[in-house]
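Peer 1: One structure is given below, represented as structure tokens, and several questions about it will come after.
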Amino acid sequence: DVLDPERLIQCPLVKHHQIRARRFPYHLVKCKESNPEIAKKLATCPFNARHLVPRADLSDHIVKCSDKAFMEQDGVSRCCEPPQEQLNSGSTWQAPPCDEDWETELLEGSESTFVW
């Protein structure tokens, strides 16, 4: 089950490391620090920071990445559908009163020039 936090995942840096899914992000940070030479050869997927692939294979991974669909679908739903709470009730927000009158201030024209 991909959602099981106890499942074991192989580390992309050191192949004999098997890490529980819930600890995987923390392991990646520590393992990158411990293995800087290996980490330099890998690139991070823009759709999922847990995906580390050889730099030469990054463009191929981006095309095939399973998380790409989730990101695209999430972006479409966010931009095209208003949040449910806005659908149920109209906006009650009102701008606070403003005492400033820039036109009057400009006409009164202070002679002093602002200096930074």
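Just so you know, all these numbers are worked out from the coordinates, no wet-lab data involved. Just so it is clear, the model here is predicted, and its values are computed rather than measured. No Cβ is skipped: glycine too gets one built from the backbone with ideal geometry, and neighbour counts run over all protein chains shown.
Peer 1: Taking only the alpha-carbon positions of segment 1-40 and ignoring solvent, what does the Debye formula give for the base-10 log of I(q)/I(0) at q = 0.16, 0.27 Å⁻¹?
Peer 2: Relative scattering, expressed as log10 I(q)/I(0), comes to -0.38, -0.87.
Peer 1: Name the long-range amide H neighbours of residue 9: under 5 Å, sequence gap of 5 or more, or other chain; modelled H, no Pro or chain starts.
Peer 2: 19, 20, 21
Peer 1: A further question on this structure: What GluC sites (Glu not before Pro) does segment 1-44 have in DSSP loop regions with at most 11 other beta carbons within 10 Å? List each step's numbers first, then the result.
Peer 2: Working: sites: 6, 33, 37; in loops: 6.
Here the sparse-neighbourhood loop sites are 6.
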